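Peer 1: Quick one: the structure is below, and I'll ask about it shortly.
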Amino acid sequence: AAQAIAVKKLDELYERLINRQTHVMGLHARVAYWLSALTGRRHKIVPERGLYFWGGVGRGKTYLMDMFYDSVPGEAKLRIHFHRFMRRVHHELADLDGVKNPLERVADKIAAEASLICFDEFFVSDITDAMILAGMFEALFDRGVCLVATSNIAPDGLYKDGLQRARFLPAIALINAHTEVL
């Protein structure tokens, strides 16, 4: 039953993404670009609401996400293990040491590559990752990136009992606001 619901939700998201690619996004992106050029300020692009699948090991979350990812046309998508993604973010931030707003620049680069990000095994145990994630998620969502993630833990249980967890709560709020949790 849970897998049938997941398939239905993935199909609905697929349809919204396809519709957005063919009709809405082109115009919205052009308008946002021109407004940014005229005002000198970045205009937010509202992303499609993604999906966050959580549950026990061996339930088929990754399999379903991979089938979804493979079915979405185009190259502007990224499917990556969450910890590999965070390693990439840390390396890119280190390369931008001393640069103003490095997290924004990393988000610009990632959003230029992918309007859809699929994270496998979303799990936060590192304080540095926890501190980065709220800003990274906010920046990616502001750039119209849609998130699909698999995890063994519900968003509200992420980084539970972690050091300075209160600083991670905005990341949880962003996940809950920008994904449907199943």
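Peer 1: What translational D, rounded to a whole number of µm²/s, comes out for region 2-181 from Stokes-Einstein when the hydrodynamic radius is the Kirkwood one over Cα pairs, at 20 °C and 1.002 mPa s?
Peer 2: In µm²/s, the coefficient is 126.
Peer 1: Another question about this same structure. Could you work out the helix-only [θ] at 222 nm for the chain, with each DSSP H run of four or more residues adding -39,500 (n - 2.57) and the total divided by the number of residues, to the nearest 500 deg cm²/dmol?
Peer 2: Per the formula, -17000 deg cm²/dmol.
Peer 1: Long-range amide H contacts for Ala149: which residues qualify at under 5 Å (H placed 1.01 Å from N, peptide plane, sequence gap of 5 or more or a different chain)?
Peer 2: Distant-sequence amide H within range of Ala149: Leu51, Tyr52, Phe53, Phe119.
Peer 1: Mind checking which of Asp120, Asp142, Asp95 has the largest fluctuation in a GNM of the chain, springs on alpha carbons under 10 Å?
Peer 2: Asp95
Peer 1: Expected output is a single nm value to one decimal: the length gained when fully extending between Ser125 and Gln21, i.e. 0.36 nm times separation in residues minus the C-alpha distance. What is it?
Peer 2: Computed gain between Ser125 and Gln21 is 33.9 nm.
Peer 1: In terms of Cα to Cα distance under 26 Å, which lysines are near enough to Lys44, apart from those fewer than 8 places away along the same chain?
Peer 2: Lys9, Lys77, Lys100, Lys109
Peer 1: Using modelled backbone amide H atoms (1.01 Å from N, in-plane), which distant-in-sequence or interchain residues come within less than 5 Å of Thr179's amide H?
Peer 2: Residues meeting the criterion, in which the H sits 1.01 Å from N, are Gly50.
Peer 1: Evaluate the distance, in nm, between pseudo-label points positioned 7 Å from the Cα of Val7 and of Ile153 along their respective Cα→Cβ axes.
Peer 2: Between Val7 and Ile153, the simple spin-label model gives 3.1 nm.
Peer 1: Pop the C-beta distance of Tyr63 and Asp95 into the FRET formula with R0 = 41 Å and round what comes out to the nearest 0.05. Before the final figure, lay out each step's value.
Peer 2: Working: r = 35 Å, r/R0 = 0.85.
Efficiency, from the Cβ-Cβ distance: 0.75.
Taken together, the values in this text are just the output of simple stated rules run on the coordinates, not laboratory data. Everything quoted here is computed from the prediction, not taken from an experiment. As a convention, Cβ positions derive from the backbone with ideal geometry for all residues, glycine included, and neighbour counts pool all protein chains shown.
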